[in-house]
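Comments concern the structure below.
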Amino acid sequence: MHLFQPSLLIIGKVAAGARRLLIWITVTCGLLIVATWNLDGPALWWDEGWTLSVARNWVESGHYGRMRDGQKARPGLEASFTTTLPVGAIMRVLGVGVWQGRLFGALCAVATILLLAAMADRIYNRRIAIATIIVALLLTPHPVVHPFLLGRRVLAEMPMLTYLMIGYFCLWWALNGRWIALAPAILVLAIAWISKAQTAPFLLTSLIASMLVALLGRQWRVAGVFAVVAAGVVTGAPRIAQGVYSRLVDPSLPPDPTMGLIETVAVVIDPGRRIDALQNLMLFGLSALCGILWAAWKLWQERASAAHGDRNWYIRCTLVALCGSWLAWYLLLSIGWGRYMAPPVIIASLFVAALFADGTGNFAVHRSLDLLINVLTLRRMTRAGGAALCVAILITWSGTLTAMSIAPVYFARDNTAQRIASWLNALPPGTRIETYETELHFLLHQPYTFPPDQVHVALLRRLWGIEADAPITYDPLVNDPDYLVEGGTGVAGLYEPTLASGQFHLVLEDGVYRVFARIR
C-alpha cells in the first residue's frame, strides 16, 4: 500500500491541475463570447474613426496615415501604432470592417481581466482572483469604464492595460529571481508607455515609489530591479516609438501640428471640470477608490513585509501607486471625461475583490449575513459587522449602477453611420465630401476633406466650456466640397458659419447626422 501512495498523490495532483485548467478554459471561452458579441452594434465614435481609417489605409494601400481629398496625409489623432497596427493586422486577415476593427480591443479586454485575476492569485489568493473577475464585470458601472464596453471600442485603453499587466507580470517574475524576465518587463512596459499618453507619468510613479520604499528598507536587490526597469522604460520607449514611426510614416508628407492639447485635456483647472471629475469618481469609481485606499492601508499595516523583501508586497505597492496617482490626476487636473479614469478603476478590481474578502472573512457569506442582520435589526455594531455592511453597500451601489448603465449600451445597435456612408458612396465617383465625422472617413469610398488637427483643440475648449468663444478660423469652402456632413461635432459649431452662408441646403437627416448639398 505504501508503494502506491506516491503514485496516488501524483495522480491526484494531476487531476486537480486538469480540473483547474478546465475551469479556466471554460471561464476564458465564456469571457470571449460575452466580449465579442454584438461588436458592430454600438455606433462608431469619433475617436474610433481616426484609428480605423489609418488602419484601413495601411491595409489597403500600405500608407500609414490619413487620406485628405484622396491624397496621402500624415497620421494625427489616431491611437498609437501599438493599437493601430494590430487592428490593421486583423483586418488584413479577416477583411476591413467595423467588427474586425473592434476585435483586437475585445480580445485585449478578456486578456486584461484574466491577467488581473492571475495577478490577484499571486499577490493574494485564488478566491480573490475569482472575485476580481466578478468585480471587473459586475461592479464597474460607467459605460466607458466597463472593460467589455471599453474594449469593444477602437481605443488605446484596453491594449495599453494588456501591455501594462504583462509588463507587471514580468516585473513580478524578475523580483522573484527570474532575471531573464527583466528584458521583457522593460520592453512591454515601454510599449505600454507608448500606447497611451497619460500612462507615462503614472507608470514611472509606480516604479519610483516602489524603488524608494525598497531603498528605505535597505532592500538593495529589489530597489535595483525597479531602478533598472524604470531606466530601461524611460530610455527605451522614445527609441522604440521613433524607430517604428520612422519606418511607418513618410517624412515628405507635410506635418499637421497640434498645440495646446495637453492644457485642454490633461492640465485643466476650470472649476466645472473639477466638479464633473468628482461626480464621476464618486458615482462610478467609489468601489475602486475604496479598494485603493484599503490596499494602501494594508500596505502600511504590513510594512514589515517590505523590510523583509516580500516581493508580493512590492508589486501591490506598485499597483497602488499607479492607481492612486492616476485617480489623483483625474480628480485634480484632468478634463473629467469618464474614460480617463478607466485604467485605474479596472486595475483596482483586484483591490476591491481583496477588500470584499477582508470584509467578509474570506467570503464567508452566511457569517456575513448574520453580522448584517445583527447590525440592521439588533443594532449591534461590531467591527466585523461594520465591514460586512460597507461591503454590502458597495456591492449594492456599484451593482445597481452597473445594471442600469451597462445593459442598454451592451445590447444597443446603431448603424446610422453605415447608412450615411452608403448613401454618400452611391453618389457619382469623385464626389468631394467635407466632414469632421471621422467614423465616416473609415466608411467612405469617396474623397473627403476635414479641418487641421489644431481645430480639434478649439472644439474641445468650446464643447467642454473651458473657452466658450475659442476661435476657429477654418473655412471648409477652400476645399470646394460638393457635400458637407455634420454630426456630433456640430454641437461645437464647427460648420455654423458655412451653413449660415446659404451655400448649402439640407438633403438628408438620419440620427445625429445631417447631409448638406452644395448649391452650385
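When you count the other C-beta atoms within 10 angstrom of each residue and take the mean per peptide, 210-219, 405-414, 390-399 line up highest first as 210-219, 390-399, 405-414. When peptides 81-90, 30-39, 305-314 are sorted by average Cβ neighbour count within 10 Å, with the highest value leading, the order is 81-90, 305-314, 30-39. Taking a ≥ b ≥ c as the square roots of the eigenvalues of the alpha carbon gyration tensor, region 302-381 is oblate, as a/c is not under 1.5 and a/b does not beat b/c. The slack between R379 and Q279, meaning 0.36 nm per residue of separation minus the straight C-alpha distance, is 32.8 nm. Selection among A470, F450, P481 by position relative to the dipole of region 442-484 gives A470 as farthest towards the positive end (Cβ unit charges, Cα centre).
Charged side chains reduced to their Cβ positions (Lys and Arg at +1, Asp and Glu at -1) give region 149-306 a dipole of some 540 debye around its Cα centre.
The charge dipole of region 416-518, taken about its Cα centre with unit charges on the Cβ of Lys, Arg, Asp and Glu (plus for the first two, minus for the last two), comes to roughly 140 debye. For the chain, the residue among W297, L331, F104 whose Cα projects farthest onto the positive side of the dipole built from Cβ charges is W297. Between [x] 152; [y] 172; [z] 187, which entry matches volume of the Cα convex hull per residue in Å³ as derived from the coordinates of this structure? Answer label, from the structure shown: [z].
Computed from the C-beta positions of Q71 and L215, the FRET efficiency with R₀ = 56 Å rounds to 0.55. Indicate the gyration tensor shape class of region 381-520 (rounded, prolate or oblate), computed on the Cα atoms with a ≥ b ≥ c the square roots of the eigenvalues: a/c under 1.5 is rounded; otherwise a/b larger than b/c is prolate and the rest oblate. Verdict is prolate for region 381-520. Simple spin-label estimate for L477 and L293 gives 5.8 nm between the two label positions (7 Å along the Cα-to-Cβ direction from each Cα).
Annotation for N38 and W337: the two label points, set 7 Å from Cα along the Cα-Cβ direction, are 2.3 nm apart. Loop-located chymotrypsin sites (Phe, Trp or Tyr not before Pro) in region 190-225 (DSSP state not H, G, I, E or B) with no more than 15 neighbouring Cβ atoms inside 10 Å do not occur. Can you work out the FRET efficiency for the pair A304 and T258, with r the C-beta to C-beta distance and R0 = 45 Å, to the nearest 0.05? That pair, A304 with T258, gives E of 0.35. Segment A197..T235, full-extension length gain: 12.1 nm, with 0.36 nm per residue of separation and the alpha-carbon distance subtracted. Inter-label distance, S61 to E467: 3.3 nm, where each label sits 7 Å from its Cα along the C-beta direction. Peptides 342-349, 316-323, ordered by how many other C-beta atoms sit within 10 Å of their residues on average, highest first, read 342-349, 316-323.
Rounding to the nearest 20 debye, state how big the charge dipole of region 396-469 is about its Cα centre with +1 on each Lys and Arg Cβ and -1 on each Asp and Glu Cβ.
For this selection, approximately 200 debye.
Where only DSSP H runs of four or more residues are counted, the chain gives -21000 deg cm²/dmol as its mean residue ellipticity at 222 nm, each run worth -39500 (n - 2.57). For region 203-242 and region 390-430, what is the centre-to-centre distance using only Cα atoms, to the nearest Å? Distance between centres, Cα-based: 40 Å.
A short reminder: the numbers here are calculations on the coordinates, not readings from a lab. Predicted, not measured: the structure shown is a model, and the values here were computed from it. Reconstructed Cβ throughout: ideal geometry from the backbone, glycine too, with neighbour counts over all protein chains shown.
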